[in-house]
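To start, the structure itself, in structure tokens.
Laboratory data are not the source of any read-out in this text; all were calculated from the coordinates shown. In this text the structure is predicted, and so the values were computed from the model without any measurement. When we count neighbours, we look across all protein chains shown, and the Cβ atoms used for this are built from the backbone with ideal geometry, even at glycine.
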């Protein structure tokens, strides 16, 4: 009965979404206040109904209701409770339900906290949100119903994919979807602005908090996915340039560009058309990621489904919203005129260059991701595009971005002088050179990657500190009175520098060792003595584990006992690797136990990963910077620009 309740709630939510996409839009066009106001209760009702459906599916998973086909396919009575809950979104149908739940959450938030928006703009924004919701609710109901019953019910389930039974990955999809779907708000604001034919500073101030929130969640989601790949897959890497990884990274790059271009619109009312275009394309890439994950057109270990019918439905949704948005942009972009002028050497110029680098970098990733599909369709050739291509094609844009970021941050608006910027950043430059020299001295092979990455990371961190000092007028007493948006920007830029250092030093200085070891045998890797003391079988809640006990020592002194595992999940007949990692601020010791050998030995892989933790510390700092900026008082109160904009909107 609970499943039928959830299904009925989804049907009602589709009806509400259709109402939300039509009635408020008509009301905004005709100037009918009651029709425009209907968008708010409709958005709240849609969120409530989808919430009921999601709660019903969660109850089915918690209660192990194997009469529901989705529960049978993705759960098991012996599975730990955490993974019963996270199994709700560890599959195609459940994850799409989470997708529309988050979409409706953003719509409800806009309805609840958008009281300062002009009524017509708010109605159009919520109507566009409703149209996106209607499309995906139709997709779920017609192709991916999560409440389909099994007749007769099964005695037990087939269990969740063992790779997904991990705390890190359990919470990775919700954060990722909060970022993906959150960009729909930027899209809705852009389409509403194109319909009204006006983009100004007030519009940029309204759209920035939504974009910032989506960017922050997407940053956390990507970081969690990278961290999971590092410790769960047992290969010691943090990024594989997998198509689905790229599908989340491309919207992140474009959302980063959008945040910076919206600043120019807010401060100088320039780059209006470009900002609108970024708002459309960023969400378009989010939809592209949904298509890649669920269509099966590109092979990936992260893919949810490979049903051509579902793929065509999502492709139609992508064509409708991305194509429709771009068509509307082409028709109305001429209205986005600006009288603001600025010199190339100015903060506007630096932000424009920043945007171009990020956009081209996203395009490079896109080409590398879809090229195997294009090659197969156009030339009949099967090929893969891997890390060597992305490293060579993508890295130069990030290097250029890191160089200009501190300079652009301290340049004045409209027109700047390079001499003043160089003078202010001289201490940061000297520190960057010193850190690069230290990396060169410590590199046994004199790695250019270590030198470049460490120097650029130090440049970004020190440049952020100089930026903060300049904002405070070189007065320490004023630091605490700076706007939180300034603090957030500085923290995020410094976080990027921390990640630069971590990525470059880990890549350049990693040590890897693969060997056959027997019980009691000691071997050396990177100055450490590692002893395989024992391997024993351990019974887990829903798996069998071969757990190794390995002693780590250095210079004759015991440091730690580590226990890597190789698990086997009987229901799915699938093995997984559970690496043992000893994390410290400047290096990780990473041990993996492999298969037993005929001579009684075991395959053992050992990695020394310098500065590994700095990668995720940097991403978390960037997310923290977004959170600090989001708490800025200017986003929480009715700023004069908002009140002025509201007062100037005539009845339509």
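As a proxy for reagent exposure, 398, 224, 216 were ordered by neighbouring Cβ count within 10 angstrom, fewest first; the result is 398, 224, 216. Exposure proxy ranking for 516, 501, based on other Cβ atoms within 10 angstrom of each Cβ and starting from the fewest, stands as 516, 501. Full extension of the segment from residue 524 to residue 360, taken as 0.36 nm per residue of separation minus the current Cα-Cα distance, would add 54.6 nm. Maximal additional length on extending the residue 379-residue 595 stretch stands at 73.7 nm, based on 0.36 nm per residue less the C-alpha distance. Modelled label positions at residue 158 and residue 433, each set 7 Å beyond Cα in the direction of Cβ, lie 6.3 nm from each other.
Just want to confirm a number: the relative contact order over the chain, from Cα pairs under 8 angstrom separated by 6+ residues, in percent.
On the way: 1203 pairs, mean separation 79.3, N = 652.
Once normalised by length, the contact order is 12 percent.
Placing dummy labels 7 Å off each Cα toward the beta-carbon, the span from residue 478 to residue 440 is 3.8 nm.
Taking neighbour counts of Cβ atoms within 10 Å as a proxy for exposure, in what order, fewest first, do 430, 160, 468 appear?
On the way: 430 12, 160 25, 468 19.
Least to most surrounded, the residues fall as 430, 468, 160.
Extension gain residue 343-residue 554, at 0.36 nm per residue separation less the Cα-Cα distance, in nm? All intermediate terms of the calculation are to be shown ahead of the outcome.
On the way: separation 211, 0.36 × 211 = 75.96 nm, distance 5.86 nm.
This chain segment gains 70.1 nm when fully extended.
Would the chain count as rounded, prolate or oblate if I go by the C-alpha gyration tensor, calling it rounded below 1.5 in a/c and otherwise prolate when a/b exceeds b/c, oblate otherwise? Oblate, because a/c is 1.5 or more while a/b does not exceed b/c.
Only helical runs count toward this figure. For the chain, summing -39,500 (n - 2.57) over DSSP H runs of n ≥ 4 and dividing by all residues gives -21000 deg cm²/dmol at 222 nm. List residues of the range 270-295, by number, whose backbone nitrogen lies under 17 Å from a label position 7 Å along Cα→C-beta of residue 333. The answer is 270-285.
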